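S.K.: Quick one: the structure is below, questions incoming.
Read-outs: derived from the displayed coordinates by stated rules, not from any lab. Fair warning: this is a prediction, and the values are worked out from it, not measured in the lab. Please note: Cβ atoms are built from the backbone with ideal geometry, for glycine as well, and neighbour counts cover all protein chains shown.
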Amino acid sequence: MKEYKLNCTNCDESYEKETINFRCDVCNEPLELEEVKIGKINDGNILTQTNLERYQEFFPYLTIDKKLNLNEGFTSLVSSEELAKEYGIKNIYFKNETQNPTWSFKDRGTVTGVVRAMNLGYKKIGTVSTGNMATSVAAYGSKAGLKTYVLVKEGIADEKIKPIAIYGPKLIEVDGDYSKLYDKSLSIGRENDIYFINSDAPYRVEGYKTMAFEICEQLDFNIPDYVIVPTSAGGDVRGIEKGFREFFNVGLINKIPKMIVVQAAGCSPIYNAFKDSKLEIERVMDHDTIAHAIENPYPPSGNQVLRMLKRNGGLAIAVNDEDILECQRKLSSLGLFVQPASATSLAAIDKLYKEDIIGELDSIVCILTGSGLKYTAALDKHELDVYACKLEELNDYIKKVGK
Ligand SMILES: *Cc1c(COP(=O)(O)O)cnc(C)c1O
Ligand SMILES: [Zn+2]
């Protein structure tokens, strides 16, 4: 078997596959697994085959253990002719990642992270997150029988912390500068033999490739022009883009779609740097948005996302909370209830069309990253109708309401 290396995404350093480094010792930028150049999709029935079994050849550096999966992936791709018409584009598709075991795409990267940890012989894993990643790592860690450490910010709401606690991890609220926790977790992990599967950990990013693989299959290899990805740390968009690149390498597709990174205007470090043609992101000091799942003021893969966009020909955009909420409502009317962070992908389309960046011949995939039930507090921001009447009056009332 060929030895796969981890390459620095920024400088010429490369590391043997045994490394437990996530970032480069020389420049501190994220590492990334070498691209797969040969491979095919395995035959099989997706009702009985796991996602990683189907795409196993694109994970040659993992020894896949079927016991660790919770049937992540194989989510639906929903098209909407009505919305395509409304926005003036050819096709619009929604990749419904809310269908994953813990209701967000994070599960795809958690499973590859956990497989890697097990392959290396770790008994303990961890993550730094207050949201979907925490839930996901807690669930997979529990399934794998690993001791799982979840580090969260001190004082987070019950609504957010209890759905993590239910899986039984060692859940620790850390009092102090939360922005330091990502770096700190890597040194704590080294000292205590805990394999941290953070937002842009190389083997987590790998798992996100399967979204691209499925989109290719679901569209019969007619590749969309754009894929819009709500972006925080940058792991998701990096993984999706790499997935398309690898399918291109092996000859399964003949072009790579352009990536559109969407951020909330209230916290948009990647967009800010992109718009000013900067090569490095700057920390956002004051941030505020309803899209909590993408509210990262200093994304660890921010600089690499900028480099990736340059190579890929993609772009970054920011959308405001008002538009995000409007799109959350609009998606619900299609039967897709997503969290505000995920609704940013639809909000991006309108803006891009008005700015003449996308046109009527374009076909677009929006990644709906996570479920609306993850953040029910956002429902208070909507005007929602609930009616009430007495049982004896129901018959008459229904006639009235129907008008
Ligand atoms: C994690 C997350 C994102 C952002 O993904 P990154 O890999 O951090 O860029 C977007 N939406 C939701 C719902 C998420 O949970
Ligand atoms: Zn480097």
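S.K.: For a test of the definition: using alpha carbon positions, the gyration tensor, and the 1.5 limit on a/c, classify the range 1-157 as rounded, prolate or oblate.
M.R.: Rounded.
S.K.: Additional query: Hey, can you rank 75-84, 383-392, 92-101, 256-265 by average C-beta count inside 10 Å, highest first? Show your work: numbers first, answer last.
M.R.: Details: 75-84: 16.5, 383-392: 7.1, 92-101: 23.0, 256-265: 25.2.
Output ranking for 75-84, 383-392, 92-101, 256-265: 256-265, 92-101, 75-84, 383-392.
S.K.: Cα centroid distance between the range 142-170 and the range 321-397, in Å?
M.R.: A separation of 28 Å, based on Cα centres.
S.K.: Determine the gain in length on full extension of the stretch Glu16-Asn71; use 0.36 nm per residue of separation and subtract their C-alpha separation, reporting nm with one decimal.
M.R.: Values: separation 55, 0.36 × 55 = 19.80 nm, distance 3.04 nm.
Contour length minus Cα-Cα distance gives 16.8 nm.
S.K.: With the calculation restricted to Cα positions, what are the radius of gyration and Dmax of the range 236-314 in angstrom?
M.R.: According to the Cα coordinates of the range 236-314, Rg and Dmax are 13.9, 45 Å.
S.K.: Just check the range 79-234 against the gyration tensor rule for me: Cα atoms, a ≥ b ≥ c as the square roots of the eigenvalues, rounded for a/c under 1.5, and otherwise prolate or oblate depending on whether a/b exceeds b/c.
M.R.: prolate
S.K.: Here's another thing I want to ask about it. Taking the highest mean first, how do the peptides 192-203, 276-287 order by number of other beta carbon atoms within 10 angstrom per residue?
M.R.: 192-203, 276-287
S.K.: Specify whether the C-alpha gyration tensor of the range 43-91 places it in the rounded, prolate or oblate class, a ≥ b ≥ c being the square roots of the eigenvalues: rounded for a/c under 1.5, otherwise prolate if a/b is larger than b/c and oblate if not.
M.R.: Details: a/c = 3.62, a/b = 2.79, b/c = 1.30.
Cα axes put the range 43-91 in the prolate bin.
S.K.: Another one. Search the structure for amide H atoms under 5 Å from the amide H of Arg23, placed 1.01 Å from N in the peptide plane, and list their residues when 5 or more places away or on another chain.
M.R.: Those lying under 5 Å, H to H, from Arg23 are Leu31.
S.K.: Separate question: As I understand it, the value is the acute angle between the Cα axis of helix 132-144 and the longest principal axis of the Cα atoms of the chain; what does it come to in degrees, rounded to 10?
M.R.: Taking Cα atoms only, the helix is inclined about 60 degrees.
S.K.: Additional query: For labels at Lys170 and Lys255 in the simple 7 Å Cα→Cβ model, what's the distance in nm?
M.R.: Going by the 7 Å Cα→Cβ label model, 5.1 nm.
S.K.: Points 7 angstrom from Cα along the Cβ direction at Glu355 and Thr376: gap in nanometres?
M.R.: 3.6 nm
S.K.: Still on this model: Any idea how far apart Tyr298 and Tyr178 come out in nm if each label point goes 7 Å out from Cα toward Cβ?
M.R.: Placing both labels 7 Å along Cα→Cβ, they lie 1.4 nm apart.
S.K.: Sort out for me the Cα centre separation of the range 279-312 from the range 1-51, rounded to whole Å.
M.R.: 23 Å
S.K.: Another one. Relative to the present Cα-Cα distance, how much length would full extension add between Cys389 and Ile38 at 0.36 nm per residue of separation?
M.R.: The Cys389-Ile38 span can extend by a further 119.9 nm.
S.K.: Could you estimate the translational diffusion coefficient of the range 244-403 from the Stokes-Einstein equation, with Rh from the Kirkwood formula over C-alpha pairs, at 20 °C and 1.002 mPa s, in whole µm²/s?
M.R.: 119 µm²/s
S.K.: May I pose another question? Output the Kirkwood hydrodynamic radius of the chain, Cα pairs only, in Å rounded to one decimal.
M.R.: 21.7 Å
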